[in-house]
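Input: a single structure, listed below in structure tokens.
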Amino acid sequence: MLIDVTINTPRGLYKQTKASIVNVVSPDGQRGILPNHMPIVVSLTVSKMTMEEEKRESYAISGGVLYFHNNQCMILTPAIENESEIDLERAIKAKERAERRLAAVNDQNVDLARAQVALQRAINRINVKQKAG
Ligand code: ATP
């Protein structure tokens, strides 16, 4: 028994796949979703997500929501990258940019909340790419 997983982003369908387990992180902690799990809606943090597909795959997911019902798992997220798709240099630059913005606490033009979330996204991508997340 496998779970049918569909992942959508604002760019459209990211992936449709089958998995024997979907591991996500919500504000309440880690959740492993197995076939025949009860129906749920889970909000997702900026975190690493893994799925047992043909092999274990790791993704950097930038938040979103997961809905599971009847062995169908639907994930809607602002952004997601497979470990293999992550551009490490780009993530490092994004992290440095966010850190510079956060350091400029007195600059009225800097949106600190936005910089904080951008920093989380960048750190998450770096961790997933470096298999530390
Ligand atoms: P950047 O400042 O580098 O654009 P960001 O955090 O603002 O980073 P997002 O708005 O989260 O970027 O994502 C925009 C698009 O770029 C998404 O499709 C996302 O999957 C992709 N993306 C962002 N950063 C990376 C990265 N380091 N490697 C691969 N794809 C990335």
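What full-extension length gain, to one decimal in nm, is calculated for Val41 and Gln130 as 0.36 nm per residue of separation minus the Cα-Cα distance?
Once the chain is fully extended between Val41 and Gln130, it gains 29.1 nm.
If the segment from Arg114 to Val65 were pulled out straight at 0.36 nm per residue, it would be longer than the present Cα-Cα gap by 15.7 nm. Relative to the first principal axis of the alpha-carbon coordinates of the chain, what is the inclination of helix 112-129, with its axis defined by its Cα atoms, in degrees from 0 to 90 and to the nearest 10? Roughly 60 degrees between the two axes.
Between Asn8 and Leu88, the FRET efficiency estimated from the beta carbon spacing at R0 = 25 angstrom works out to 0.50. Comparing mean-square fluctuations of Asn82, Asn106, Asn70 from a GNM of the chain with C-alpha springs under 10 Å, the top value falls on Asn106.
Computed per residue of the chain from DSSP H runs no shorter than four, each worth -39500 (n - 2.57), the mean residue ellipticity at 222 nm is -8500 deg cm²/dmol. Multiplying the residue separation of Ile21 and Asn106 by 0.36 nm and subtracting their alpha-carbon distance yields 26.0 nm.
If you take the Cα atoms of the chain, find Rg, then find the Kirkwood Rh from the mean of 1/r over all pairs, what is Rg/Rh? Walk me through the intermediate numbers first.
Details: Rg = 15.9 Å, Rh = 15.5 Å.
On the Cα set of the chain, Rg over Rh gives 1.02.
In the chain, the longest principal axis of the Cα atoms and the axis of helix 88-103 are about 50 degrees apart.
Each value in this text was obtained by applying a stated rule to the coordinates, not by laboratory testing. None of the values given here were measured: they were computed from a predicted structure. Here the Cβ is made from the backbone with ideal geometry for all residues, glycine too, and neighbour counts use every protein chain on show.
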